[in-house]
Amino acid sequence: MEKRELGKSGIKVNPLAFGGNVFGWTIDEKTSFALLDAFVDGGLDFIDTADVYSAWVPGNKGGESETIIGDWLKKSGKRDKVIIATKVGKPMGEGKKGLSKAYITQAVEASLKRLQTDYIDLYQSHDDDKDTPLAETLATYTDLIKQGKVRAIGASNYGAARLKEAIQVSEDNGFARYESLQPEYNLYDREGYEKELEPLCIEKGIGVITYFSLASGFLTGKYRSENDLSQSQRGQGVKKYLTPRGLGILKALDEVAKNHNSTPASVALAWVIARPGITAPIASATSDKQLQSLIAATRLTLNADDIALLNEASKY
């Protein structure tokens with residue numbers, strides 16, 4: 001398993017990130033600790049979270065995922081074995097959102113405290129903030145890097161035009177630049193990323209860490225009809241994938257998985273990993289069985305015929 005650099009940051013990661021949105025949502029602290037230990041024991045090192053995870057759960061206020069990761073880091077002593085990515089900008093209560101200097105400066109301290117660490121490896125803008133000048137945001141991040149609180153910065157949910165503009169602002173002013181992009185991308189949702197963002201990221205050497213890499217679980221093959229949607233809390237979000245194209249993608253995944261004695265989930269992630277310009281897909285697990293399927297993707301090499309079959313089935 002060869003490590004990949006996050007843009008030009010000098011930070012290298014194994015090609016799969018554990019999605020921390022499940023911590024404090026669909027799994028409790030004990031299960032989270034066990035899966036994080038198994039993830040690192042499986043040879044992986046990249047964990048992605050955000051300050052707002054998981055504010056959508058009744059009774060939560062945000063910060064739960066970072067808190068669980070921080071408690072695990074303290075208990076396990078594995079801070080030097082992992083790369084921690086978190087995000088800022090989504091609403092965290094009254095007046096707490098966006099990418100202004102005042103708010104980022106406040107939010108980073110809260111994340112560091114919850115994570116129980118002196119530094120964040122990759123600090124990401126969770127959403128584009130059109131009310132704050134890019135120069136203000138990027139200057140603030142540059143200061144945090146100089147202070148040693150952040151190693152590199154990234155962007156999530158940025159369109160190609162704004163990402164290009166942000167890179168230009170960094171170049172013109174000598175600011176730190178976004179070294180990574182976090183877009184939605186998977187075998188089903190291809191067009192949005194591939195048309196404009198992919199060529200820009202390859203041209204500029206920006207690392208790409210994809211979210212919804214398994215299309216909310218659809219690409220695991222767990223949901224093949226409307227009757228299957230009640231299987232989990234995320235089921236209703238999968239309904240949109242139950243189309244002739246979606247079912248054709250599952251058929252191709254089944255075929256490739258059978259040829260490799262693998263699973264649809266492993267194949268779907270291996271397809272993303274094999275895409276030029278991708279650093280690591282992000283995927284979540286709530287059980288050890290699911291986690292082993294994710295880890296297996298990093299050891300699965302798809303051949304040209306496999307990729308051609310999957311590309312054909314998923315063409316848009």
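The values are calculated or read from the model by the stated rules, or taken from the named source; none is laboratory data. Not measured: the values here are computed from a predicted model. Ideal geometry is used to build each Cβ from the backbone, glycine not excepted, and the neighbour counts take in all protein chains shown. The area values use the complete protein model at the heavy-atom level, side chains included, leaving out ligands, DNA and RNA. Shrake-Rupley method; radii C 1.70, N 1.55, O 1.52, S 1.80 Å.
I'd like the full set of residues that are touching a Ser or Thr at 6+ places or on another chain (Cβ under 7 Å), of a type in the set (A, V, I, L, M) and buried (at least 21 other Cβ atoms within 10 Å of the Cβ), limited to region 274-299.
Within region 274-299, Ile278, Ile282, Ala283, Ala297 meet the criteria.
Just one of the numbered conditions (1) touching a strand residue (DSSP E or B) at 6+ places or on another chain (Cβ under 7 Å); (2) surrounded by fewer than 17 Cβ atoms within 10 Å (Cβ to Cβ) is not true of Leu269; which one?
Tallying (1) touching a strand residue (DSSP E or B) at 6+ places or on another chain (Cβ under 7 Å); (2) surrounded by fewer than 17 Cβ atoms within 10 Å (Cβ to Cβ), Leu269 fails exactly one: (2).
Go through the residues of region 25-40 one by one and say whether even a single one is within 29 Å of Thr137 (Cβ to Cβ) and surrounded by 14 or more Cβ atoms within 10 Å (Cβ to Cβ).
Within region 25-40, one or more residues are within 29 Å of Thr137 (Cβ to Cβ) and surrounded by 14 or more Cβ atoms within 10 Å (Cβ to Cβ).
Only one of Thr67, Thr26 is among the β-branched types (Val, Ile, Thr) and in contact with a Lys or Arg (Cβ under 7 Å, 6 or more places away or on another chain); which?
Going through Thr67, Thr26 in turn, just one is among the β-branched types (Val, Ile, Thr) and in contact with a Lys or Arg (Cβ under 7 Å, 6 or more places away or on another chain): Thr67.
When you go through (1) open to solvent by 60 Å² or more (accessible area, probe 1.4 Å); (2) closer than 18 Å to Glu198 by Cβ; (3) part of a helix (DSSP H, G or I) one by one for Asp305, which number turns out not to apply?
Of everything listed in (1) open to solvent by 60 Å² or more (accessible area, probe 1.4 Å); (2) closer than 18 Å to Glu198 by Cβ; (3) part of a helix (DSSP H, G or I), Asp305 misses just condition (2).
Yes or no: region 4-20 includes at least one residue that is part of a strand (DSSP E or B), under 17 Å from the mean Cα position of the chain (by Cα), among the basic types (Lys, Arg) and farther than 22 Å from Leu144 by Cα.
The answer is yes, given that some residue of region 4-20 is part of a strand (DSSP E or B), under 17 Å from the mean Cα position of the chain (by Cα), among the basic types (Lys, Arg) and farther than 22 Å from Leu144 by Cα.
Can you confirm whether Arg114 is assigned to a strand (DSSP E or B), closer than 27 Å to Asp45 by Cβ and not small (Gly, Ala, Ser)?
no
Go through the residues of region 26-47 one by one and say whether even a single one is among the small types (Gly, Ala, Ser) and closer than 22 Å to Glu184 by Cα.
So far as region 26-47 goes, no, none of its residues is among the small types (Gly, Ala, Ser) and closer than 22 Å to Glu184 by Cα.
Within region 121-133, is there a residue that is over 24 Å from Lys81 (Cα atoms), more than 21 Å from the chain's Cα centre (by Cα), hydroxyl-bearing (Ser, Thr, Tyr) and surrounded by fewer than 19 Cβ atoms within 10 Å (Cβ to Cβ)?
no
Can you work out which of the residues in region 98-116 that are crowded, with 19+ Cβ neighbours inside 10 Å and of a type outside the set (A, V, I, L, M) is farthest from Thr142 (Cα to Cα)?
Arg114
For region 218-240, name all the residues that are assigned to a helix (DSSP H, G or I) and open to solvent by 80 Å² or more (accessible area, probe 1.4 Å).
Matches in region 218-240: Glu226, Asn227, Ser230, Gln231, Gln236, Lys239, Lys240.
Quick grid of which residues meet (1) more than 19 Å from the chain's Cα centre (by Cα); (2) touching a residue at least 24 places away in the same chain (Cβ under 8 Å):
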{"residue": "Phe212", "(1), (2)": "no, yes"}
{"residue": "Leu219", "(1), (2)": "no, yes"}
{"residue": "Tyr223", "(1), (2)": "yes, no"}
{"residue": "Gly235", "(1), (2)": "yes, no"}
{"residue": "Lys239", "(1), (2)": "yes, no"}
{"residue": "Pro244", "(1), (2)": "yes, no"}
{"residue": "Ile249", "(1), (2)": "yes, yes"}
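Test Glu171 against the stated conditions and say whether it is in contact with a Phe, Trp or Tyr (Cβ under 7 Å, 6 or more places away or on another chain), surrounded by fewer than 14 Cβ atoms within 10 Å (Cβ to Cβ) and at pLDDT 95 or above.
No; evaluated as a whole, the condition is false for this residue.
Name every residue in region 145-161 that is open to solvent by less than 10 Å² (accessible area, probe 1.4 Å) and either at pLDDT below 95 or not hydroxyl-bearing (Ser, Thr, Tyr) (or both), in order of residue number.
Matches in region 145-161: Val150, Ala152, Ile153, Gly154, Ala155.
Kindly evaluate Leu247 against the criterion of being farther than 24 Å from Leu200 by Cα, open to solvent by 40 Å² or more (accessible area, probe 1.4 Å) and of a type in the set (A, V, I, L, M).
yes
For (1) within 15 Å of the chain's Cα centre (by Cα); (2) within 25 Å of Arg234 (Cβ to Cβ), each residue gets a yes or a no:
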| site | (1), (2) |
| --- | --- |
| Lys258 | no, no |
| Ser262 | no, yes |
| Ala265 | no, yes |
| Trp271 | no, yes |
| Pro276 | no, no |
| Ala285 | yes, yes |
| Ser293 | no, yes |
| Ile307 | no, no |
| Ala313 | no, yes |
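Go through region 58-83 residue by residue and tally those that are open to solvent by less than 50 Å² (accessible area, probe 1.4 Å), more than 12 Å from Thr117 (Cβ to Cβ), assigned to a helix (DSSP H, G or I) and not aliphatic (A, V, I, L, M).
Count: 3.
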